[in-house]
1. For the chain, what relative contact order do you get, as a whole percent, if you take Cα pairs closer than 8 Å and at least 6 residues apart?
2. Helix 377-389: angle to the longest alpha-carbon principal axis of the chain, degrees 0 to 90, nearest 10?
3. In degrees, nearest 10, range 0 to 90: what is the angle between the Cα axis of helix 397-424 and the longest Cα principal axis of the chain?
4. With a 10 Å radius around each residue's Cβ, average the other Cβ atoms per peptide and rank 272-280, 231-239, highest first.
5. Count charges around VAL342 for me, please; just the other residues with Cβ under 14 Å from its Cβ, Lys/Arg as +1, Asp/Glu as -1.
6. On a 24 Å Cα-Cα criterion, which of the cross-link pairs LYS118/LYS156; LYS77/LYS281; LYS224/LYS295; LYS156/LYS434 come out too long?
7. Over what distance in Å are the Cα centres of the range 373-398 and the range 249-296 separated?
8. Dividing the convex hull volume of the alpha carbon atoms of the range 190-342 by its residue count, what do you get in Å³ per residue?
Amino acid sequence: MQRFPFRRLLRGLSAAALTALLPVAALAHSSPTATAAAGNQFVADSLDQYVKRGLRLWQIPGLAVVVVKDGQVVVSKGYGVRAVGRPEPVDGNTLFMIASNSKLFTGTALAALEQQGKLSLNDPASKYLPGFQLYDPISSQLVTVRDLLGHHLGTKTFQGDFAFWDSNFSRQEIIDHMRLLKPVTPFRQDYGYCNAGFLAAGQVIPAVTGGTSWESYVEQTLLKPLGMSNTYMLTAGFGQRPNIALPYSNAYGPLAVLPFDQVDNLGPAASMVSCVNDLAKWLQFQLDNGKYQGKEVLPAAALRRTRDANTAVSARKSPILPEHFRTYGLGVFAADYNGRQVFWHTGGANGYVTNTCFVPEENLGIAVLTNQDTQSFFEALRYQLLDAYLDMPYLDRSRQLWQRSAPGYAETKADIEKLAARVAKKGKPELALKAYAGQYTHPVYGPVTIEAKGKQLLVHFSHHPQLIGTLDYMDGQQFRTTYSNLAYGIYPATFTVAEGQVKAVELRVNDGIDQDPYVFSRVNS
């Protein structure tokens, strides 16, 4: 079944995946004045129509965009609505969860502390996190603070996140669980996006500042000096704030509102909330080498440290893009695009996908925030603006990505219909439903409980108290799982039965949460 990893990169990943879908444009260099004129003309003449068309095509309720060029905010505005069926429009102050765009704030804070001599990013992580361990003892000894920020610990992208994301695990419990994540590649060899690693790195901050939390340190050293007064470090209380965009998805059916994510336990990786008016200030700070309104907030060397290549993501010329490399620094990707060095990150929570991007050589910054998580328009718009400002021939990026995405949507719809047809046959399970009931456990996740209720089984997740999986029998030892939070998807659950006894159940969720199925073993009562 096609799954949609749009949610949390994408959490940085969407950019890597989606650029491979884009066609080649001619490589041409123009003067900065010419590129500014071309980009500003697109913003003035075409942006409104382009965005409105994109919102309709991709079924996006609301979007906000900001463009900073040559130190000035060219545009910072909203389109569409905050909530379906309500008239309140999105504007420059509308709040969205920016998820993994939080990572560069974390990386910048740690780079600043290194500049102050409070730490070295090459110090062992255990120097600041006593008892910290990865899966194997050699990696545990070698892992540095920089490694935690580099997505090269050997784990798969999103590995462990079904247990961690939106769960009641504490920050320390997540860090402790990192020793249970069995790597799939050698340490430092390959890129594998790891939210838990960023959490661990963020917890170095209180260790070197006398107990100042990650959220307090970032707020005091970055948000306040930049005047980002409408940016919040945590998701707690987000739903009660005024002027918020509600989260939506149409990944597994008609467009529907989702529950708000609660990811403060992964704070340094994913918990920030912001708006484009505030992100304009963040972009101006990035483009002015650590200064804002002429005053130094951080040394330029700290920003350079975040952008230096930490992990190779790709080092081959793209056959379809004006791009030759892709690296990851300390919370930011880097690539060449039409001869310029571009830095960016994306972020997604359930119901939101967002991006920030800056091109220092062109003094250009872009951010796009959306409240629908199953679409590529948030990236298409970024590339459309890059094309305009880098004087590339016009190509409708939204239409191009839509044509490539549509088969996946159709495949998912067809697969869900196939599961529904298997349920509709109303077959009889080989065992009585009560035989499947009981407690099961997974070494990383911990326990879940399955109960028989009427003609269905219900899965209760110990670390996601609000989440319920409803299991409808299909055939063999397979049930269809439908989650109470639609972002988790609709997938088969497969039981293992031996000698008439249920031994285990395999559950899976949306690849944007975790790419691996989880096998929960039956606990003998």
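1. It rounds to 21 percent for the chain.
2. Orientation of helix 377-389: about 20 degrees from the principal axis.
3. It works out to around 10 degrees.
4. The packing order, highest mean first, is 272-280, 231-239.
5. Its environment carries a net charge of -2.
6. LYS118/LYS156; LYS156/LYS434, as the Cα separations exceed 24 Å there.
7. Result: 20 Å between the Cα centres.
8. 174
Coordinate-derived values only; no laboratory data. Note that the structure is a prediction, hence the values are computed from the model and not measured. Every residue, glycine as well, gets a Cβ built from its backbone with ideal geometry; the counts of neighbours run over all protein chains shown.
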